[in-house]
1. About its Cα centre, how strong a charge dipole does the protein assembly as shown have in debye, to the nearest 20, once Lys and Arg get +1 and Asp and Glu get -1 at the Cβ?
2. Using a/c under 1.5 as the rounded threshold, could you call chain B rounded, prolate or oblate? The axes a ≥ b ≥ c are square roots of the C-alpha gyration tensor eigenvalues, and prolate needs a/b larger than b/c, oblate otherwise.
3. Taking one equal scatterer on every alpha-carbon of the range B:617-737, how large is log10 of I(q)/I(0) by Debye at q = 0.12, 0.13, 0.14, 0.23 1/Å?
4. If you plug each phi of the range B:740-755 into the Karplus form 6.51 cos²θ - 1.76 cosθ + 1.60 with θ = phi - 60°, what whole-Hz ³J(HN,Hα) values come out, in order, with x for Gly and Pro?
5. Residues of the range B:548-586 with amide nitrogen under 14 Å from the 7 Å Cα-to-Cβ point of B:GLU621?
6. The range B:238-328: percent of C-alpha pairs farther apart than 16 Å?
7. Which lysines have a Cα lying under 18 Å from the Cα of B:LYS410, excluding residues fewer than 8 positions away in the same chain?
8. How many percent of Cα pairs in the range B:291-398 exceed 20 Å?
Amino acid sequence: MKKQITVTVNGEQHTVEVETRTLLVHTIREQLRLTGTHIGCDTSSCGACTVLLDGKSIKSCTVLSIQADGKEISTVEGLAKDGLHPLQEGFKENHGLHCGFCTPGMLMRAVELLEKNPNPTEEEIRWGISGNLCRCTGYNNIVKAIQYAGAKMRGEETPSTEPEFV
Amino acid sequence: MIRCKTSKEISGMGHSMKRKEDDRFLQGKGNYVDDIQLPGMLHMDIVRSPYAYAKIKSINTEAALAVPGVIAVVTGKDLEQYNLHWMPTLMSDTQMVLPTDTVMYQSQEVAAVIATDRYAARDGREAVMVEYEPMKAVVDPYKALEPDAPVLRSDKEGKTDNHIWHWEVGDKDATEKLFNEADVVVKEQMHIPRIHVSSIETCGCVADYDKVENHLTMYMTTQAPHAIRTVIALVAGHVGLTEEKVRVISPDIGGGFGGKVPVYPGYVIAIAVSFLVGKPVKWVEDRSENLQADSFARDYHITAEMAGTKEGKILGTRFKILADHGYTDAAANPSKFPTGLFSIGTGSYDYGTAYMEADAVYTNKPPGGVAYRCSFRVTEAVHAIERITDRFAMEVGKDPAQLRMENFIKKEDFPWKSPTGWEYDSGDYHAGLKLAMDTVEYDKLRVEQAEKRKNGELMGIGISTFTEIVGAGPSKDFDILGIKMFDSAEIRVHPTGKAIARFGTKSQGQGHETTYAQIIAEELGIPAAHIQIEEGDTDTAPYGLGTYASRSTPTAGAAAAVAARKLRDKAKKIAAYLLEVSEEDLEWEPGKFFVKGAPEKVKTIQELVFAAYTNHPQGMEAGFEATHYYDPPNLTFPSGAYICVVDIDKETFEIKVRRFVAIDDCGNIINPMIVQGQVHGGLTQGLAPAMYEELIYDEDGNILNGTLMDYLVPTAVESPSWETGHTVTPSPHHPIGAKGVGESPTVGAPPAIANAIVDALSPYGITHMDIPITPYKIWKTLKAKGVIE
Ligand code: FES
Ligand code: FES
């Protein structure tokens, strides 16, 4: 069955026709052509598909498009405003990504994490991103990247981004 | 400390340059296979077998074809008409594309459904009715070798058992004599379990055949696009797809780790369908399909033995392997190396006698034998040697660090000939272990451990001091399907001094767009920021064998340096001409040639390049381009010293990695930030099989954990905060002294963790535990020992 939905994505309003069973991630990627949001699993385990739905990070592979009707969606494509978002900058400066496949999901998850908790501990960051899998980086630098962004968003001096060797 | 020869502006080797590829990934502008959407594109989904071993009695496609949007269902019988139902594997075995009569493992491809969108394809998949006649599956590789085991590959004429091949290396008789006479012999039976690379992007493709042009463009998650093009031409040349008519594009790849080296049936079916219908066909597998059907890694059963003196001198090793290959040998190894580079397993120690043998066997499991971020079976080898070394230390009552220090090959003994025939290029094992011990404060930890033991607390310290072997490989020994394992670089410098360089490799996250630019910047003095790197398009890039087994830096990285040096030679000639001096009078400094003793007489590289287009000497070829195909003279031998500290809860047996110090030696370092990032990532992929990951099958061949809900890829919570460092022992034979690093940590970490856990449990007489070591396994082991109720 088809149904029309209206969603505001990264500030732009779209009306699209979807099947009632269409997953939100497919609408975002294939109809709206915002392919920054990725698909990494079929069991809601990996978080590659994370976007913000009315400001809350959700796994868009686990939400039907019709559930998003009338709501606001933010994807990675909308993150950079005047230059990179502090989180994007943090990931770049701290080498928080390798293949980049998990990165959009990590970023969107971290947006909400820092909003709720602007100065998280390492432990809080690790638990906070535990619904997002990264196979490449080993997470050390993702943690650093989020700490860097937190500092920047709090208006504090950002920590050094030189790799620390023992 | 890393010294840089170039300024930060040039950012040659040694600079932690921020990655050039990041901007697109961070803004959602990466271009991965599933992002490709072509006009008229069809979608493919695959029907898979619920049984591990069954006859196919019938396939009824009627209901599927009635699903709106479904346009075709392809079966093995359809492909048989074109002789495309079987394909060769990289190891010259055969693999089904789609079966005509028998399925050999659970989740094997049985039929493909083609539809106008992915939902219709899925509906069609559910509607295909297959009638099976299940048979008793062969799951245990030891049972597969018993005389009454059913012969699985009865399709092969004359095959009377499930044995695939036998391999051996070393001196069998001398080793046997040594073991018979040695004071001390230790032995452990180990299983290195079947695991899965599980890159976060699964595998997929868009096959786009143009009937008018008779041309195939294949967008594909492949680590080796050129080899794939050749394979397609070899397999489909007879229907007109000759090599110039095939273009393979490997776009951005969301992690590879070896899982994107093989050719999976899905790719072949997509090509066949696109060829027949003349439309683009997209196939992207689900995660569960990826885990259940794509190539596995490891699955070696190893009997490891070490012989030595009572004083703790290692004298010899003997390893016997049973390799479970699933129903075909589809391992990704160089042709002449059925066990990959397992023969590195004599390790970092100075002794002269070793023997290794392996037998491979068919079972009703998926085929594979890929890397999982490792150079051709090196992880299995390192696990065996590092575990048995600890076992030996335990037997002779010596501290495992001390024992290693006493047995290491000495720095001055390189190049060193190993008892299995390798020539290690360079290393400083003592320095690495010393740095690791100082960093972790080893002696203090041992004191703490002794205190804790008095209270019955479980604390363990584990060491792994491994030697890797990467950079395959020299053409005299290394080929894949006959193609020698060189790699290539082509550099073009534009008149204004900015460059583009193309390579036969393909990054899957390693950061080639940055590190290759840094190598060229180092050699030519052109800022890395102005050197664009391209890979993955067979129409434009020079031929190469691709990126896996940590071979990119050792091979293509070397090719970049040599090609850049050719250009520097040309620049020198132009400088001599412009400055009116002889070439001998010129001196190079990154970015410029100047006259010796008269530094004001200078030409920058940018001026010299411009002259190559505008004012080149008579008789010289215009332009500023060079290509090099690099055939390495030897492999490179990175090494590492890892120390892991664990605390185990004495009630729940929960294991906590308290500290993990990794000292790597990968020779000269191109980009310290990227090297460190590679090490972090590799360590987490070493932690994974040590404590969490294993593909588990029941006795009927059903996979018990084929989704990411129960196949435990570590999250940020399981993964500890890694501490990393390095020693630098350049490779003497590599143009820039680099060795390759992406996999060392995956190779080195598991035995460090296993050794730490066994160390913690050693007061209870435990000498070995198979990975993954879980709280449940500890509980079971202690219970079996009678330690707990
Ligand atoms: S795609 Fe894996 S959680 Fe959504
Ligand atoms: S960067 Fe590759 S999965 Fe995270």
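The values are calculated or read from the model by the stated rules, or taken from the named source; none is laboratory data. All of these numbers come straight from a predicted model, not from anything done at the bench. Cβ sites come from the backbone with ideal geometry, for glycine too, and all protein chains shown count toward neighbours. For accessibility, only protein heavy atoms count, side chains too; no ligands or nucleic acids. Shrake-Rupley method; radii C 1.70, N 1.55, O 1.52, S 1.80 Å.
1. Rounded to the nearest 20 debye, it is 700 debye.
2. oblate
3. At q = 0.12, 0.13, 0.14, 0.23 Å⁻¹ the computed log10 ratios are -0.70, -0.77, -0.84, -1.29.
4. x, 9, x, 10, 3, x, 5, 6, x, 6, x, x, 5, 6, 4, 4
5. In the range B:548-586, the label zone of B:GLU621 (backbone N under 14 Å from the point 7 Å along Cα→Cβ) covers B:563-564, B:566-571.
6. 73 percent
7. Partners within reach: B:LYS313, B:LYS434.
8. 42 percent
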